[in-house]
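Written out below as C-alpha cells is the structure these notes cover.
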Amino acid sequence: MLRISLFIPALLFGFTIAGKAQQPLQLNQPYNNLAVTKTDTLRYGLRLQKGGIFQFSIEQQGIALAYELADATHQVKMKSRQPVDINGFLKSEYAPTVKTDYTLKVYRFNHPQNTDSGKLSIFIKSLNKVELAERQKIRKELEPENAKTVLTADIDHFWQAVDALSSCKSHADSLSAIQKLYFDRATDGLIDFIAARDLTAEAQLKLIARYPKFYASSRKNTLGVKNSEKVIEELFTKFQSLYANFKPFKVCFAIGILNTGGTVSDKFVLIGTEISASSKDVDVSEFITYKETNRANMLSGDGDLVQKIRNMVAHECVHTQQKNISDTAAACPLLWQVLKEGICDFIGEMVAGKQINSVAHEYGDKHEKELWSELRSNLCSSDMSKWLYNGQSAKDKPGDLGYYMGYRIAKAYYEQATNKRQAIVDMIELTLPMQFLQQSKYSPGE
C-alpha cells in the first residue's frame with residue numbers, strides 16, 4: 001500500500017508557506033468536523049508518491065468551500081470547481097507524476113450568498129496495489145472511448161450495473177455493483193461529471209430504488225443517445241459559422257442523479273442523459289410529491305428527442321465559451337447569472353434551431369412587462385432562488401424565468417446591433433453585464 005510521509009515543521013522538512021507551518025494529514029484517515037470561518041485559510045501538508053492515485057473528499061457542512069493542491073514549488077496542480085451548495089462533497093482525484101511535498105489549502109468560497117462559518121471533513125484515500133492494477137486495466141480498456149469527441153460508454157456501463165442488481169442479495173452488494181460496474185469504469189467525462197454534480201454510488205442506488213418504473217422506461221431513450229455523434233458534429237459546425245473563436249469541447253453522455261440535464265467542466269460538455277433524453281414515453285407515475293410533480297413535468301414533456309439533445313448540447317456549448325466572472329459583474333450577481341443563462345438560450349437557439357425553454361417562454365411572453373419590473377428592482381441581489389435553478393420548487397408559475405429574461409435582453413441587444421456577428425462575440429465574451437443591459441435598450445412596455 002502507498003504511504004504518506006507527514007510534514008513535521010522544522011524537524012524533518014521545515015516546510016512553511018508565508019510563515020505558517022502546515023498541519024500534517026495522513027492518508028486513509030478521516031479528519032472530521034474541522035471549523036472554518038470567513039477569514040480562515042486552512043493549510044495541510046502531505047507527501048504524495050509518484051505512480052499513486054489519490055482520491056480527495058472534502059465534505060462541506062454549512063459553508064461552501066474551495067480548495068487547491070499545490071506542489072513544493074507552489075504550482076497549483078488541482079483546484080475545486082465552483083460549489084453548488086453549502087452542504088455536500090467536493091471530490092477529485094490526483095495522480096502525481098513526481099514524488100514531492102504538497103500543500104492542500106481549504107478556504108471559504110467567496111460568494112455573497114455563502115455563510116460566514118461552518119465545518120468541513122477531509123478524507124484522502126490512496127488506492128492500494130490491487131486497486132491500482134484494476135484501475136490501470138480499466139483505463140487501458142477505455143483509451144479508445146476517451147479518444148472520441150462524443151463519449152457514450154458510460155450509458156452502457158450504467159445499464160450493466162442496473163442489470164446486475166437483480167442478482168444482489170443485500171444493500172452492500174447493490175452498492176458494490178453500482179460502484180464497480182459504473183463509477184469505477186468511468187470515462188474521463190464521467191469522472192468530471194462525478195466531481196461537478198456530487199455523483200455517488202449511494203445516491204445513484206437510492207434513485208434507482210425510488211423510481212424503478214422511470215428508469216426502466218427511460219432505458220430505450222438513453223441508449224438511443226449513443227447515435228448522437230453526427231448531431232454533435234453538425235452543432236459544432238454551426239457554432240463555428242456563428243462564432244469564429246469557437247473551441248469545440250468533448251461531449252460526455254452519462255446517467256446522473258436527476259440533478260442536472262447538462263453542465264460543463266474544463267474539458268467536457270456533460271449531459272445528464274436521464275433528463276436530457278426523457279420524453280412523454282417515460283413513466284413518471286412514481287413522482288408524487290409537489291417537487292416530484294414539477295420534476296415529472298420536466299421529464300415527460302413533448303418534443304422530438306433528437307431536438308432535445310441538440311438544444312441541451314447547444315446551450316451547454318455556449319457556457320464552455322463564456323468568460324469567467326469579473327469583480328464588476330459580481331457587483332450585480334443576479335443580472336450576471338440571468339444574462340449568462342439567457343445568452344446560452346439565445347445563441348443555443350441559433351445553433352440548434354429551436355428554443356430549449358419553451359414553457360418559460362410561453363409564460364414569459366404573456367407577462368414580460370411585470371417580470372421585468374420585478375427583476376429590474378433586484379438586479380444586484382445575490383438571491384437567485386426566484387429566478388434561476390428553481391424548476392422543482394416554483395409555484396404558480398414556471399421555474400427558471402430568469403433564463404427567459406436573459407434571453408429577451410440578449411435578443412434586444414442582438415436586434416439593435418448593426419454588426420450581428422460582433423453582437424454574438426459581445427454576448428459570448430461578456431464581462432460587463434450592466435453595460436450590456438444598457439446597450440441592449442431593453443425596456444418592455446416603455
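The values are calculated or read from the model by the stated rules, or taken from the named source; none is laboratory data. Please read all numbers here as calculations on a predicted model, not as lab measurements. Cβ atoms come from the backbone with ideal geometry, glycine included; neighbour counts cover every protein chain shown.
Restricting attention to the range 221-230, does a residue exist that is among the hydrophobic types (A, V, I, L, M, F, W, C), in contact (Cβ under 8 Å) with a residue 40 or more places away in the chain and surrounded by fewer than 17 Cβ atoms within 10 Å (Cβ to Cβ)?
The answer is yes, given that some residue of the range 221-230 is among the hydrophobic types (A, V, I, L, M, F, W, C), in contact (Cβ under 8 Å) with a residue 40 or more places away in the chain and surrounded by fewer than 17 Cβ atoms within 10 Å (Cβ to Cβ).
Does Lys340 satisfy the criteria of being in a helix (DSSP H, G or I) and either modelled with pLDDT under 95 or more than 24 Å from the chain's Cα centre (by Cα) (or both)? Judged against the criteria, Lys340 is not a match. When residues in the range 216-238 are screened for being of a type in the set (Phe, Trp, Tyr) and over 22 Å from the mean Cα position of the chain (by Cα), 0 of them pass. The single condition among (1) surrounded by fewer than 15 Cβ atoms within 10 Å (Cβ to Cβ); (2) in contact with a strand residue (DSSP E or B) (Cβ under 8 Å, 6 or more places away or on another chain) that Glu141 does not satisfy is (2). Listed by first and then second residue, the pairs linking a residue in the range 256-280 that is within 17 Å of Asn294 (Cβ to Cβ) to a residue that is hydrophobic (A, V, I, L, M, F, W, C) and assigned to a loop (DSSP other than H, G, I, E, B), with Cβ atoms under 7 Å apart and 6 or more places separating them unless they lie on different chains, are Ile257/Leu199; Glu274/Ile255; Glu274/Leu258; Ile275/Leu258. Residues in the range 94-112 that are among the aromatic types (Phe, Trp, Tyr) and either closer than 22 Å to Leu127 by Cα or outside any strand (DSSP E or B) (or both): Tyr94, Tyr102, Phe109. Every condition in (1) at negative phi; (2) touching a helix residue (DSSP H, G or I) at 6+ places or on another chain (Cβ under 8 Å); (3) loosely packed, with under 12 Cβ neighbours inside 10 Å is met by Gly445 except one, and the failing one is (1).
Residues in the range 72-89 that are in contact with a Gly (Cβ under 8 Å, 6 or more places away or on another chain) and part of a loop (DSSP other than H, G, I, E, B): Ile86 only. Of all residues in the range 260-299, those satisfying the criterion of being surrounded by fewer than 17 Cβ atoms within 10 Å (Cβ to Cβ) and either in a loop (DSSP other than H, G, I, E, B) or touching a helix residue (DSSP H, G or I) at 6+ places or on another chain (Cβ under 6 Å) (or both) are Asp266, Lys267, Lys280, Asp281, Ser285, Glu286, Ile288, Thr289.
Okay, residues lined up against (1) over 23 Å from His111 (Cα atoms); (2) among the charged types (D, E, K, R):
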site	(1), (2)
Ser382	no, no
Lys395	yes, yes
Pro398	yes, no
Asn419	yes, no
Gln422	yes, no
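Looking at the structure I just gave you, is Ala360 assigned by TED's automatic domain parsing to the domain that holds Asp426, of a type outside the set (S, T, N, Q) and in contact with a Phe, Trp or Tyr (Cβ under 8 Å, 6 or more places away or on another chain)? For Ala360, the condition - assigned by TED's automatic domain parsing to the domain that holds Asp426, of a type outside the set (S, T, N, Q) and in contact with a Phe, Trp or Tyr (Cβ under 8 Å, 6 or more places away or on another chain) - is met. Among the numbered conditions (1) touching a residue at least 12 places away in the same chain (Cβ under 8 Å); (2) more than 28 Å from the chain's Cα centre (by Cα); (3) in a loop (DSSP other than H, G, I, E, B), the only one that Ala412 does not meet is (3). Scan the range 236-248 and tell me whether some residue there is closer than 30 Å to Asn294 by Cβ and in contact with a Cys (Cβ under 9 Å, 6 or more places away or on another chain). Looking through the range 236-248, none of the residues is closer than 30 Å to Asn294 by Cβ and in contact with a Cys (Cβ under 9 Å, 6 or more places away or on another chain).
Of the residues contained in the range 303-322, one or more are found to be closer than 30 Å to Arg81 by Cα, under 19 Å from the mean Cα position of the chain (by Cα) and in a loop (DSSP other than H, G, I, E, B).
Answer yes if at least one residue in the range 362-377 is closer than 23 Å to Thr320 by Cβ, surrounded by fewer than 16 Cβ atoms within 10 Å (Cβ to Cβ) and either more than 22 Å from the chain's Cα centre (by Cα) or of a type outside the set (Ser, Thr, Tyr) (or both), and no otherwise. No: the range 362-377 contains no residue that is closer than 23 Å to Thr320 by Cβ, surrounded by fewer than 16 Cβ atoms within 10 Å (Cβ to Cβ) and either more than 22 Å from the chain's Cα centre (by Cα) or of a type outside the set (Ser, Thr, Tyr) (or both).
Just so you know, in the range 36-71 the residues that are part of a loop (DSSP other than H, G, I, E, B) and buried (at least 21 other Cβ atoms within 10 Å of the Cβ) include one that is farthest from the chain's Cα centre (by Cα), and it is Ile63. Set side by side, the residues Phe123, Phe109 differ, and just one is free of Cβ contacts under 8 Å to residues at least 60 places away in the same chain and among the aromatic types (Phe, Trp, Tyr), which is Phe109.
Of all residues in the range 415-446, those satisfying the criterion of being closer than 18 Å to Asn245 by Cα, of a type in the set (A, V, I, L, M, F, W, C) and in a helix (DSSP H, G or I) are Ala423, Ile424, Val425, Met427, Ile428.
Per the listing Lys250, Lys180, Lys213, Lys206, the residue uniquely within 30 Å of Glu349 (Cβ to Cβ) and among the basic types (Lys, Arg) is Lys250. Pairs are defined by a Cβ separation below 7 Å, a sequence spacing of at least 6 or placement on different chains, a first member in the range 156-177 that is touching a residue at least 60 places away in the same chain (Cβ under 8 Å), and a second member that is assigned to a helix (DSSP H, G or I) and not polar (S, T, N, Q); the pairs so defined are Phe158/Tyr182; Trp159/Arg219.
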